[in-house]
Amino acid sequence: MATPMKSMETPTELYDDERTALTKEAFKRAFLDNLLYVQGKFPALASQNDYYQALAYAVRDRLLQRWISTAAAYTKQGSRTVAYFSAEFLMGPHLGNNLINLGIYEQVREAISELGLDFDTLLRQEDEPGLGNGGLGRLAACFIDSMATLEIPSLGYGIRYEFGIFHQEIVDGWQTERTDKWLRFGNPWEILRPEWAVEVKLGGHTEQYRDEQERLRIRWVPGKVVVGVPYDTPILGFRNNTANTLRLWKAEAPESFDFSTFNRGDYGGAVRQKVWSETLSKVLYPNDEQIQGKTLRLEQQYFFVSASLQDMMRIMRVQKLPLERFHEKFAVQLNDTHPAIAVAELMRLLVDDHVMPWEQAWDITCKTFAYTNHTLLPEALECWPLELFKSVLPRHLDLIYEINVRFLDEVRIRFYGDEARLARLSLIDEHGERYVRMAHLACVGSHTINGVAELHSELLKQDVLRDFYELWPHKFGNKTNGVTPRRWMALSNPRLSDLISEAIGDSWLKNLDELQKLEPFAQDAAFRQRWREIKLANKVDFAAFVKERNGINIDPASLFDVQVKRIHEYKRQHLNILHVIALYHRLRSDPNADFQPRTFIFGGKAAPAYHMAKLIIKLINSVADVVDRDPAVKDRLKVVFLQNFNVSNGQRVYPAAELSEQISTAGKEASGTGNMKFSMNGALTIGTMDGANIEIRQEVGAENFFLFGLTAEQVAQTKGRGYRPLEHMTAELQEVISLINSGFFSRGDVQMFRALTDGLLWHDPYLVFADFESYSECQLQVSQAYRDVDHWTRMSILNSARSGKFSSDRTIREYCADIWRAPSVPVRLLSQEDVKV
Ligand code: CR6
């Protein structure tokens, strides 16, 4: 592997303290010290993991100075702070990223090599914190990176799951899941803060009582109490002095051991409370875009939200700010509806615990929250059965009723006589079994509501949140997603990043719009040549990785065509594999056909209970296997399913990709963010008019984008007319389906893929057949375009050059300007003198 950001200058020495100096020598000394004093090992006994830990602690010491300086600056200024509430933070490995942001990657690599160790091996030791499912969790990670880089005071609040997203293994072509034990060897990046633990109540009932002034009040008598213990991870800005905080809550029992029970001899009972409490932060629900109506999930959501709001109130106390100014101190962003219970919880804290009048509390609440919606899929909109909700949060149900009564009173006057509208807007769904609608709670309690790409934000207004839009059009807006170029370019694609910096300087990493300066280089033959060499080198690296993981040889000269993302029918991995089978069929039917060699690379996890998605994985693997064994197509067609797609594997695949598959049914993918990572790294997109694809195409130019398929409007019309898949059957598609049904890919088992093929033939809610021909034709254009090497390279350069909009820095600037109104606060590094006790 090449070194990220060779060309970047390292920052001037900020700290000359022996322990945390940024020099190579000081670093070596710190590393060896840590091996001895932290790991308790000497070199002869040390494992690669010991070395990794020693290295991580040496880096962490260098973060802490920034962290303390940042905390001091924020406390002194009482800065307005963004609290990003998210049930998921898909951070990926910290070590490499922190080195990039500190600007010491190169020095540290050298220091480690001089000690006779292999730096890349140490980097690979880190078990990545996979505390998220996919796009939504990764977005949260990019956002906190950008907030730190833009010097915005912020706190990320979430859950410290003991087990993150499962580890995917492919066994006989099928997905199997293994527990993700990321904390097994300890986590050097977090700091436990037991002194800031808070209690969170759950269950029980409510009762009336009279307070000292004889006022009638309501009290929540909980069924159980858990303790939330914060673990803090510093989040560095890029080459500045800011280190913000990611604060994740672990659930513990208030008394880890019930001694009275223990003394009675009931050993099991004594630990039961402890075991129950800890299950709250035990495991991440592995569903992407599918709600899991489980009590534990609601408890998790409430647990982290309550702990976080209490923590924010503690911060106000420390800074001597009155609670009446909560909304001035904090801007809270709700990342989807997972934390939407915060609306009711803040009301409870203000009204019940702090005896604030309802109107004032409600005013503060609405000025505090803003809500981001991330999906239009109905199955992903969170609704809790009323009884379940009441059993977990009895007091909050009362509060939600009260919020609802007041809200519907307002609607009644605005929309005189419109009973149907009242029912549609209500926080409680009363059709059949009753539910609490979390999106409605989020909308009512927020001052701003946004979608994550232009089309998605429009569809929200027209469709899912239409009634709210008609009520409060001023609340609605769009914030197109973005990704951080630090992780997704500097760290993962060092070769390309170096070439770019050589050509246009390195300020593009802080201001991605500067990539525009690359445009003229698209006309420069020598530059194009280097651009190609880099892509090839990245492909060679990736081929070696595939060989090691899958035992398959792939040809770096073939076109690398990649679809990596969660497996879901709406994302249409099946459209892709059907096309692969069509190509296979063409090659077998006409062995001498003129054919552009391609490697199709797939990767992604299926929710463990999502059978169709798992069947799609099996089909991909089955096709991969047949194609690999068939000498007739050898060297021309290859299919690879990359196991356990996660952040680390993403960092390997995006730089090597040439074609990015973004082929969701139009109107289904809210935004997508993988699409942006590919384009930045010079892959061309084959895609539908969906999510952020539309904006990518607009930026890079229609001539540098392979567009196919129905638009969202056409999809709606087609469905409105009554879609019949068979009307879209072509001769080739017929062959493809027959081949699958014949058992050709399943060792003669004609039943194996029936659920999939029957679904496509008779139901096909994602219009695979309707788009198949258009997709196939578009793929032909791709193959032709690829042969014109110079033209392809020009398009590739222009994709990178015009991807500036898709930096999460741009997204965060927009959130700051339009929603949070949080000014930046530059941090001055404290010296040893400043922090003397
Ligand atoms: N699954 C959207 O589907 C979007 C991300 C982040 C998703 C995806 O298009 O890019 O959020 N939605 O905004 C949800 O998780 C509900 C996702 O990642």
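Residues of the stretch 186-211 with amide nitrogen under 20 Å from the 7 Å Cα-to-Cβ point of residue 355?
Zone members listed by number: 207-211.
Using the heavy atoms of the protein chains alone and a 1.4 angstrom probe, what is the accessible area of the chain per residue in square angstrom?
Details: 31780 Å² over 837 residues.
Dividing the accessible area of the chain by its residue count gives 38 Å².
Given a 1.4 Å probe and every protein chain left where it sits, what share in percent of the accessible area of the stretch 660-704 is carbon and sulfur?
41 percent
Can you send over the carbon and sulfur percentage of the accessible area for the stretch 217-362, probe radius 1.4 Å, protein chains only?
Numbers: 2810 of 5260 Å².
Its accessible area is 53 percent carbon and sulfur atoms.
Could you work out how far the C-alpha centroid of the stretch 123-200 sits from that of the stretch 674-712, in angstrom?
29 Å
Can you tell me the alpha carbon radius of gyration of the stretch 594-699 divided by the globular rule-of-thumb value 2.2 N^0.38 Å?
Values: Rg = 15.1 Å, N = 106, 2.2 N^0.38 = 12.9 Å.
That ratio works out to 1.17.
Can you list the trypsin sites (Lys or Arg not before Pro) in the stretch 181-264 that are in a DSSP coil and have 16 or fewer other beta carbons within 10 angstrom?
Numbers: sites: 181, 184, 201, 210, 215, 217, 219, 224, 239, 247, 250, 264; in loops: 181, 184, 215, 239, 264.
Of the trypsin sites (Lys or Arg not before Pro), the ones in loops of the stretch 181-264 whose Cβ has at most 16 other Cβ atoms within 10 Å are 181, 184, 215, 264.
In Å³ and rounded to a whole number, note down the convex hull volume per residue for the Cα atoms of the stretch 44-113. Numbers along the way, then the final one.
Values: hull volume 9.1 nm³, N = 70.
Considering the Cα atoms of the stretch 44-113, their hull volume per residue is 130 Å³.
What base-10 log of the normalised intensity I(q)/I(0) is obtained for the stretch 139-184 from the Debye formula, alpha carbons as equal point scatterers, at q = 0.14, 0.15, 0.25 Å⁻¹?
Each listed q maps to, in turn, -0.57, -0.61, -0.89.
In sequence order, what are the phi-derived ³J(HN,Hα) couplings for the stretch 117-128 according to the Karplus relation 6.51 cos²θ - 1.76 cosθ + 1.60 with θ = phi - 60°, rounded to whole Hz, with x for glycine and proline?
Here the 3J(HN,Hα) series is 10, 9, 4, 5, 4, 5, 4, 6, 5, 5, 7, 5 Hz.
Measure of size requested: the Rg and Dmax of the stretch 379-526, with Cα atoms as the atom set and Å as the unit; please supply both.
23.7, 71
Among bridges DSSP assigns within the chain, what percent are antiparallel (round to 5)?
Details: 35 of 82 bridges.
Once the DSSP bridges in the chain are tallied, antiparallel ones form about 45 percent.
Cross-link candidates for residue 638: which lysines have Cα within less than 26 Å, leaving aside residues fewer than 8 places away along the same chain?
Reachable lysines: 535, 539, 547, 565, 571, 605, 614, 618, 677.
Can you list residues from other chains, or at least 5 along the same chain, whose modelled amide H is less than 5 Å from the amide H of residue 250?
Hits under the 5 Å cutoff: 160, 229, 231.
Using each residue's phi in the stretch 731-739, evaluate 6.51 cos²θ - 1.76 cosθ + 1.60 at θ = phi - 60° and report the 3J(HN,Hα) Karplus result to the nearest Hz, with x for Gly and Pro.
4, 5, 4, 4, 4, 4, 5, 4, 4
Looking at the calculated P(r) for the stretch 435-492, what percent of the C-alpha pair distances fall above 18 Å? Walk me through the numbers on the way to the answer.
Values: 707 of 1653 pairs.
Of all Cα-Cα pairs in the stretch 435-492, 43 percent lie more than 18 Å apart.
Using modelled amide H (1.01 Å from N, peptide plane; none on Pro or chain starts), what sits under 5 Å from the amide H of residue 685, excluding residues fewer than 5 places away?
Long-range HN contacts for residue 685: 660, 706.
For residue 201, list the lysines whose Cα falls under 22 Å from its own Cα; do not include residues on the same chain fewer than 8 positions away.
Candidates past the 8-residue exclusion: 224, 250, 274, 282, 294, 390.
Kirkwood Rh over Cα pairs of the stretch 171-280 into Stokes-Einstein at 25 °C, 0.890 mPa s: D in µm²/s?
On the way: Rh = 18.2 Å.
The estimated diffusion coefficient comes to 135 µm²/s.
Distance between Cα centroids, the stretch 376-432 to the stretch 745-770: provide it in whole Å.
39 Å
Along each of the three principal axes of the Cα atoms of the stretch 479-542, give the extent in whole Å, ordering the values from largest to smallest.
Extents along the principal axes: 36, 29, 20 Å.
Along its three principal axes, how long is the stretch 698-837 when you only count alpha carbons? Whole Å, largest extent first please.
The Cα atoms of the stretch 698-837 stretch 77, 43, 39 Å along the principal axes, largest first.
When we measure straight from the Cα of residue 76, which lysines land under 26 angstrom away, once same-chain ones fewer than 8 places off are left out?
In chain and number order, the partners are 320, 329, 367, 836.
Taking amide H positions as placed 1.01 Å from N in the peptide plane, with prolines and chain starts having none, which residues 5 or more places from residue 330, or on another chain, fall under 5 Å of its amide H?
81
Provide the convex hull volume over Cα atoms per residue for the chain, in Å³.
Details: hull volume 157.2 nm³, N = 837.
Enclosed volume per residue, from the Cα hull, is 188 Å³.
I need the per residue convex hull volume for the stretch 166-231, using only the alpha carbons, in cubic angstrom as a whole number.
Working: hull volume 10.8 nm³, N = 66.
It comes to 164 Å³ per residue, whole-number rounded.
If you average the C-alpha positions of the stretch 495-516 and of the stretch 533-558 separately, how far apart do those two centres end up, in angstrom?
The stretch 495-516 and the stretch 533-558 have Cα centres spaced 26 Å from each other.
Given a 1.4 angstrom probe, I'd like the percentage of the accessible area of the stretch 421-460 that is carbon and sulfur, rounded to a whole number.
Values: 610 of 1240 Å².
The value for the stretch 421-460 is 49 percent carbon and sulfur by accessible area.
Counting C-alpha atoms alone, how compact is the stretch 35-184: give Rg to one decimal and Dmax as a whole number, in angstrom.
17.9, 59
The values are calculated or read from the model by the stated rules, or taken from the named source; none is laboratory data. Keep in mind the model is a prediction, meaning the values are calculated, not measured. Positions of Cβ are backbone-derived with ideal geometry, glycine not excepted, and every protein chain shown enters the neighbour counts. Only protein heavy atoms, including side chains, enter the accessible area calculation; ligands, DNA and RNA are left aside. Shrake-Rupley method; radii C 1.70, N 1.55, O 1.52, S 1.80 Å.
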